[in-house]
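**Q** Structure incoming, see below.
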Amino acid sequence: MFFTNPVILDPGVIIMTINEGDFIKISYTGKLEDGTIFDTTNEEVAKVHNVYNSNGRYGGDVIIIGVNQMITGLEEDIKEHEVGYKGTVTIPPEKAFGDRDPKLLRDLPLRRLEQKPQVGMMVQFEGKQAKVLKVMGRHARLDFNSPMAGQMITYDYKIEAMLEELKEKAVGLSALYMAQEMDIEIDGTVAKVNVPLEFNYSQHWLNTKAQLALDMLKYTELTEVLYVETYTEELIKPDSEEQEQSEAEESDESESDEPEDSEELEEPGEE
């Protein structure tokens, strides 16, 4: 188990140093060499610089020190400071997003792309994102390197807090994985995670819940994680007005399918 080692400098003054396995909350803004902001935990900054994600969570991220949840250079700098520290670090490519790899440049037929490519735009191919570098006749050259690859990265960040309570850690991990703090109850070393019903329709949740449980068990004192789905009639029945509207729409569609009144066709031989 991991423990935090406080450093006492003066009577009544305790500085929380950062150690392997610690859960900390940080706020940050990441910039490229030209000053372009590519990531931030500040919602207003994200909106101003066009990196806002409506499905994202802002206000700070909870991370575990020493388990590769952030780039190497940022983690190394964090470990040199203590809770409450606010500063800036510039990180070379080898400790950030790596150098650019020429093998990740590919020429593909336009017909294999879902959208018409234009130079500079980002496209999806086989589940991966790439930048269009050039369009040549019926082919396009795509760059599958990270947009941050090969660049010096600068982070302005603050170590907001150290999470020490078991519930804080579990909730923090849920927010890291699902971009929202889940309702979690702790009974001794057992966590009961109340799963929102809308998660039933989330492929991300289906792909993530096992890893979330594993991290809770591996990096905290928890010995068991229970996922609980609670159903009541009020939660799952459709709103009465919505149901009436849906039934009315179905009725309209059914009527529209019926043949319109028309003159009867004469039987053969009739005048």
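The values are calculated or read from the model by the stated rules, or taken from the named source; none is laboratory data. Keep in mind that what you see is a predicted model, and the values were worked out from it rather than measured. Cβ placement follows ideal geometry from the backbone for every residue including glycine, while neighbour counts extend to all protein chains displayed. Surface accessibility is based on the protein's heavy atoms, side chains included, excluding ligands, DNA and RNA. Shrake-Rupley method; radii C 1.70, N 1.55, O 1.52, S 1.80 Å.
**Q** With GLU271, GLU263, GLU221 as the choices, which residue is among the acidic types (Asp, Glu), more than 25 Å from the chain's Cα centre (by Cα) and at pLDDT 95 or above?
**A** GLU221
**Q** Any idea which of (1) out of contact with any Lys or Arg (no Cβ under 8 Å at 6 or more places or on another chain); (2) at positive phi is the one GLU165 doesn't satisfy?
**A** If we test GLU165 against (1) out of contact with any Lys or Arg (no Cβ under 8 Å at 6 or more places or on another chain); (2) at positive phi, just (2) comes out false.
**Q** Which of the following residues is over 19 Å from MET122 (Cα atoms) and either at pLDDT 95 or above or in contact with a strand residue (DSSP E or B) (Cβ under 8 Å, 6 or more places away or on another chain) (or both): GLY59, GLY98? Talk me through it step by step, then tell me what you get.
**A** Working: GLY98 fails: either at pLDDT 95 or above or in contact with a strand residue (DSSP E or B) (Cβ under 8 Å, 6 or more places away or on another chain) (or both).
Exactly one of GLY59, GLY98 is over 19 Å from MET122 (Cα atoms) and either at pLDDT 95 or above or in contact with a strand residue (DSSP E or B) (Cβ under 8 Å, 6 or more places away or on another chain) (or both), namely GLY59.
**Q** Being part of a strand (DSSP E or B) and open to solvent by 40 Å² or more (accessible area, probe 1.4 Å) is the filter here, so list the residues in region 19-29 that pass it.
**A** Residue satisfying the conditions is LYS25 alone.
**Q** So for region 118-129 (the condition being out of contact with any Leu (no Cβ under 8 Å at 6 or more places or on another chain) and of a type in the set (A, V, I, L, M, F, W, C)), does at least one residue qualify?
**A** yes
**Q** Let me ask another. Among the residues of region 30-65, which ones are loosely packed, with under 14 Cβ neighbours inside 10 Å, charged (D, E, K, R) and over 23 Å from MET178 (Cα atoms)?
**A** GLU33, ASP34
**Q** Take region 82-127 and flag every residue that is out of contact with any Pro (no Cβ under 9 Å at 6 or more places or on another chain) and acidic (Asp, Glu).
**A** Within region 82-127, GLU82, GLU94, ASP101, ASP107, GLU114, GLU126 qualify.
**Q** Please specify each residue of region 120-145 satisfying the condition of being open to solvent by less than 40 Å² (accessible area, probe 1.4 Å) and of a type outside the set (Phe, Trp, Tyr). If you could, list the steps in order and put the result at the bottom.
**A** Let us first name the residues in region 120-145 that are open to solvent by less than 40 Å² (accessible area, probe 1.4 Å), namely 123, 125, 130, 132, 140, 142-145.
Of everything in region 120-145, those that are open to solvent by less than 40 Å² (accessible area, probe 1.4 Å) and of a type outside the set (Phe, Trp, Tyr) turn out to be VAL123, ALA130, VAL132, ALA140, LEU142, ASP143, ASN145.
**Q** Let me ask something else. Run down LYS167, LYS209 and say which single residue is charged (D, E, K, R) and out of contact with any Phe, Trp or Tyr (no Cβ under 8 Å at 6 or more places or on another chain).
**A** LYS167
**Q** For residues that are open to solvent by less than 30 Å² (accessible area, probe 1.4 Å) and more than 18 Å from MET152 (Cα to Cα), tally how many sit in region 66-115.
**A** Counting residues in region 66-115 that are open to solvent by less than 30 Å² (accessible area, probe 1.4 Å) and more than 18 Å from MET152 (Cα to Cα) gives 3.
**Q** On to the next question. Report yes if some residue within region 151-160 is surrounded by fewer than 16 Cβ atoms within 10 Å (Cβ to Cβ), free of Cβ contacts under 8 Å to residues at least 40 places away in the same chain, more than 30 Å from LEU222 (Cα to Cα) and among the hydrophobic types (A, V, I, L, M, F, W, C); otherwise report no.
**A** no
**Q** Here's another thing I want to ask about it. If GLY188 passes every condition in (1) modelled with pLDDT of 90 or more; (2) more than 25 Å from GLY66 (Cα to Cα); (3) surrounded by 12 or more Cβ atoms within 10 Å (Cβ to Cβ) but one, which one does it miss?
**A** (3)
**Q** Look through GLN180, GLN211 and report the one residue that is surrounded by fewer than 18 Cβ atoms within 10 Å (Cβ to Cβ) and part of a helix (DSSP H, G or I).
**A** That would be GLN211, the only listed residue that is surrounded by fewer than 18 Cβ atoms within 10 Å (Cβ to Cβ) and part of a helix (DSSP H, G or I).
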